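The values are calculated or read from the model by the stated rules, or taken from the named source; none is laboratory data. In this text the structure is predicted, and so the values were computed from the model without any measurement. Methodologically, a virtual Cβ is constructed for each residue, glycine included, from the backbone with ideal geometry; neighbour enumeration extends over all protein chains shown.
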Amino acid sequence: MAPPRVLFVDHAGVLGGAELSLLDVAAALGARARVVLLADGPFRDLLERRGVPVAVEPMGALAGVRKATRLPAPGALLDAVRVLRRLAARAGDVDVLCANSQKAFVVAALAAWRAGRPLAWMLRDILAPPHFSGPNVRAAVLLANTRSARVIANSRATADAFIAAGGRAALVRVVHNGIDAAPFDAVSDDAALAQRRALGVPDGAFTVAMLGRFHPWKGQQVLLDALARLPGVHAIVAGAPLFGEDAFARELESQAVRLGVRDRVHFTGFRDDAPVLLRAADAVVHASVYPEPFGRVIVEGMLARRPVIASNAGGVPEIVEDGVTGLLVPPGDVAALAAAIASLRDDRPRAAAIAERGAAWARERFTVAAMVRGIEEALAT
Ligand code: UDP
């Protein structure tokens, strides 16, 4: 049987983890993949640069937020109807539509039905409160159970949350994200040191890096609180409010000033050179306070050969074995995070051993090739 031609649908034009994962999948499928974005942004440029055919069908209100906690407004639904007509027309010459987010899934489901094409859903969210409201979860699960031929979950945790919410287990395949190691291996020690100095980190200061969009559930505030307990430790904090969380970004600045750590926190804004930033640090911190569906940044920290400390919830324990390939701490536990950072600072041989085991594990287990193979198999069966 010929491999399927796939039309991916994503609601976001900005670069979140879901979009960066789709970029590698679509690029690997070559001529068999095309992408429709429901909002314009830097994601379109990246797809074009990787040679992926991409079109934008702007959806206005519905595309503007990452995750709906309520049911969509009527105006947004009208937008969706207009978009789905155009999307259905684009679906005419593919074998399957594949939605890359919960919001895209609703639109793609209607378009697939209209075009008479099967539908798959890349499930990259924990479908449960507090990430999503109860009605939102029920609507998504009902739609998946009745309209989707396949649900491709990015972790066992996202799969289990779907099934716990009433999703049909037979629909689900778990395919972990994979990340290319090459850009991490290409960063020299000199480049990492130059980056560190460019950010104003004093030589010799133990430094952690945290990468991710700014959002209260991503836990940047937890890292700042931990830093206040760790005199002399610096933090590189990369990311931006991708989906309108500007007030939270301002609050982080004020929090750093209030805690007296502002001179030790290096906010970089959103950066497209994650590998060098991670290698500029001595350790990598993931501090999500809600269960993380997967957590690409954890694998990236491992690929950068840095010891990773991560919040023990959601898909994270599928990536990190505590004390072996990284350190796990309870989500939102400032004291535990501070203690974990101090333990890496104070025992460098142990930190180096964890980093090496993490680097080997990530290279073996979270490859782009395995992710692409898993998705192709899931779409073909
Ligand atoms: N990222 C980035 N630049 C930044 C902040 C984050 O390139 O300034 C990337 C990061 O390297 C990772 C992704 O954004 O690949 C975030 O993915 P993750 O799964 O950690 O979180 P999500 O955004 O999907 O919630």
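So the values come out like this:
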read-out: Criterion (touching a strand residue (DSSP E or B) at 6+ places or on another chain (Cβ under 7 Å), within 16 Å of the ligand (Cβ to nearest atom) and at pLDDT 95 or above) met by exactly one of L7, L22; value: L22
read-out: Extreme residue, surrounded by the fewest Cβ atoms within 10 Å (Cβ to Cβ), among residues of region 2-21 that are assigned to a loop (DSSP other than H, G, I, E, B) and among the aliphatic types (A, V, I, L, M); value: A2
read-out: Residues located in region 249-269, provided they are surrounded by 14 or more Cβ atoms within 10 Å (Cβ to Cβ) and either touching a helix residue (DSSP H, G or I) at 6+ places or on another chain (Cβ under 6 Å) or within 24 Å of D203 (Cβ to Cβ) (or both); value: L252, Q255, A256, L259, V261, R262, R264, V265, H266, F267, T268
read-out: Failed item in (1) farther than 19 Å from A353 by Cβ; (2) in contact with a Lys or Arg (Cβ under 9 Å, 6 or more places away or on another chain); (3) near the ligand (Cβ under 10 Å from one of its atoms); (4) among the β-branched types (V, I, T), with V299 passing the rest; value: (1)
read-out: Residue tally, condition crowded, with 24+ Cβ neighbours inside 10 Å and either of a type in the set (D, E, K, R) or within 13 Å of the chain's Cα centre (by Cα) (or both), over region 297-313; value: 5
read-out: Hits in region 129-140 - residues which are exposed (fewer than 13 other Cβ atoms within 10 Å of the Cβ) and either free of Cβ contacts under 8 Å to residues at least 40 places away in the same chain or in a helix (DSSP H, G or I) (or both); value: P129, G134, P135
read-out: Selection from region 141-160 of residues that are assigned to a helix (DSSP H, G or I) and touching a residue at least 60 places away in the same chain (Cβ under 8 Å); value: R156, A157, T158
read-out: Filter result for the condition that a residue is modelled with pLDDT under 95 and of a type in the set (G, A, S), over G60, G51; value: G60
read-out: Failed item, numbered, when N145 is tested on (1) crowded, with 21+ Cβ neighbours inside 10 Å; (2) among the polar types (S, T, N, Q); (3) within 30 Å of A89 (Cα to Cα); value: (1)
read-out: Those residues of region 162-192 which are touching an Asp or Glu at 6+ places or on another chain (Cβ under 8 Å), crowded, with 21+ Cβ neighbours inside 10 Å and not in a loop (DSSP other than H, G, I, E, B), in sequence order; value: F184
read-out: Out of G239, G269, G178, sole residue that is in contact (Cβ under 8 Å) with a residue 40 or more places away in the chain and within 16 Å of the ligand (Cβ to nearest atom); value: G178
read-out: Among residues of region 314-336, those that are of a type in the set (A, V, I, L, M, F, W, C), surrounded by fewer than 23 Cβ atoms within 10 Å (Cβ to Cβ) and free of Cβ contacts under 8 Å to residues at least 60 places away in the same chain, counted; value: 3
read-out: Filtered residue count, region 342-381, keeping only those that are assigned to a helix (DSSP H, G or I), more than 19 Å from the chain's Cα centre (by Cα) and closer than 29 Å to D95 by Cβ; value: 6
read-out: Residue within region 27-42 that is away from the ligand (no atom under 16 Å from the Cβ), farther than 21 Å from A111 by Cβ, part of a loop (DSSP other than H, G, I, E, B) and in contact with a Leu (Cβ under 9 Å, 6 or more places away or on another chain) present; value: no
